Amino acid sequence: MDQDDKNLAEKAITGDTSVSFIPKKRKGKGAQEEEEHDDDTDMDEEDDEEDDEDNDGEDGEEDEVMDDSEFIAEVNQKFIPITSELEKLEQEYFKERLALDLKYQKIYEPLYEKRSELISSSSAPSGDEGGITQNFWLVVLSSVSPVGEYIRASDEDALKYLKDVKVQLLESPADLGYQIVFVFDENPFFSNKELTKTIKNRRIFSVGNKGFGPLSGTKIEWKSPDKNLCNLKIKKSEEGYIQPFSFFDFFNPETGKALENIDSAEGLQISEEEYIAIQRDHEISDAIRGKVAPYAIEYFTGEMVDDEDDDDDEGEIEEEGEEDDEGDDDEDDDDDEDD
C-alpha cells in the first residue's frame, strides 16, 4: 500500500467523511489502448448511423421527385377548368390590346413622318458630310444594344444611306407580330428602296420566358458581287478567311423560314446555327421596335445610353457621396461634443 492509500485508510478509520475511500483505477498501457479502441468504435458507429440517415434522405428525395410528377399531374387535372378559362381571357386580352395598339399606331404615324422629314431636312445629302442630323440612323442603331454589336465597319457606309426606320403592327391577333421597314436613299450597294423584316411572336419554341416564332426578310438586290456586304470575308492570321455576321444578314429571308407553317416545336428539326440565328434576329427586332423606333431622337442626342458601366459608375458615385455625408455627420457630432 502506498502512502496515498495509507492516508485514505487512516481518514476512513477516524471517521473523516470528507473523502470517499474509493481507490482510483489505475490504467495500464493495454487498458488505455482498449479504451481508445472503444472510443473509435463508438465514433464509427455514429458515422454509420449518419450515413444511413443520409442514404435514407437521398432515397426519400428520389421518392419525392417521383411523387412530384404525379402530384403535378393531379393538380393540373384538378385546375383544368380554371386554367382553360384563364387562357381564353388571355386571348381576349391580346385581341383588345392589339386593337388599342393599332388605334394609337395611326395616331403616332403622322408624328413619325414629321420626324423623318425634319431628319432629312436637317442633314446633308446621304454620303456627304454636314448637317445637324447627319448619319442620324447609323448613330442611333450603333447606340442601341444589341443592334450596334452586329454593325461592322463595312456596314456603316451602307447605313449612312438609311433615311427612316418604321415599325408596323400585324393586324392578325394570332401572329402577335410586327414588321420592321428600313427606307433607303439611292446608294451604290443595292437597288432595294426598302428592306423589311417580319416577326411573328407566336411561341414555336421558348428560351426562358421569351417565345420565338416565324421570321421573314427581304432578298437584297446587290448591285455587284463586290458590293455584297454579306459575302465579305476577313483574313484571319494563319487560319485563312472567316465570314463574320453582317448587319444586313438580319434581312436574310431564309432565317426562321422553317417555323412558318408549324404551330409547335414538336418534331421540329433545325440546325444549331439556324437556332442561334433565330434568337439573334428576334433580339435585334425587339430592340428596334422597343428602342430605335420610339426613342430615336434620345439615342441620337445621347440622352439615352445603353451602357451598363454607366450604372456601375453612378453606383460608385452614390456610395462615395454617402461616405462623405457620414463623414460630415461625424464632424458635426464632434463639434456638438466640443460645445
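The values are calculated or read from the model by the stated rules, or taken from the named source; none is laboratory data. As the structure is a computational prediction, the values presented were derived from the model and not from experiment. As a convention, Cβ positions derive from the backbone with ideal geometry for all residues, glycine included, and neighbour counts pool all protein chains shown. Note: areas computed on protein heavy atoms with side chains; ligands, DNA, RNA excluded. Shrake-Rupley method; radii C 1.70, N 1.55, O 1.52, S 1.80 Å.
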Exercise. Pairs only if they're at least six apart or on different chains, beta carbon under 7 angstrom, first in the stretch 87-115 and free of Cβ contacts under 8 Å to residues at least 12 places away in the same chain, second acidic (Asp, Glu); list them, first residue then second.
Key: none
Practice problem: Tally the residues that are outside any helix (DSSP H, G or I) and open to solvent by 80 Å² or more (accessible area, probe 1.4 Å), restricting the search to the stretch 269-304. | Solution: 3
Self-check item: Residue satisfying condition, being hydrophobic (A, V, I, L, M, F, W, C) and without any contact (Cβ under 8 Å) to a residue 60 or more places away in the chain, within set Ile180, Ile132
Solution: Ile132
Practice problem: Of the conditions (1) of a type in the set (Gly, Ala, Ser); (2) more than 20 Å from the chain's Cα centre (by Cα); (3) at pLDDT 60 or above, Ser285 clears all except one; give me its number. | Solution: (2)
Quiz item: Within the stretch 133-148, can you find the residues that are touching a strand residue (DSSP E or B) at 6+ places or on another chain (Cβ under 7 Å) and at pLDDT below 95?
Solution: Thr133, Gln134
Exercise. Go through the stretch 225-244 and count every residue that is open to solvent by 50 Å² or more (accessible area, probe 1.4 Å) and modelled with pLDDT of 65 or more.
Key: 7
Quiz item: Do we find a residue being modelled with pLDDT under 95 and in contact with a helix residue (DSSP H, G or I) (Cβ under 8 Å, 6 or more places away or on another chain) anywhere in the stretch 97-114?
Solution: no
Exercise. Considering only residues that are open to solvent by 90 Å² or more (accessible area, probe 1.4 Å) and within 31 Å of the chain's Cα centre (by Cα), look in the stretch 101-114 and name the one that is farthest from Asp164 (Cα to Cα).
Key: Tyr104
Quiz item: Exactly one of (1) open to solvent by 70 Å² or more (accessible area, probe 1.4 Å); (2) at pLDDT below 85; (3) in contact with a strand residue (DSSP E or B) (Cβ under 6 Å, 6 or more places away or on another chain) is unmet by Lys257. Its number?
Solution: (3)
Quiz item: Which of the residues belonging to the stretch 170-193 are under 20 Å from Pro225 (Cβ atoms) and open to solvent by less than 50 Å² (accessible area, probe 1.4 Å)?
Solution: Phe184, Asn187, Phe189, Phe190, Asn192
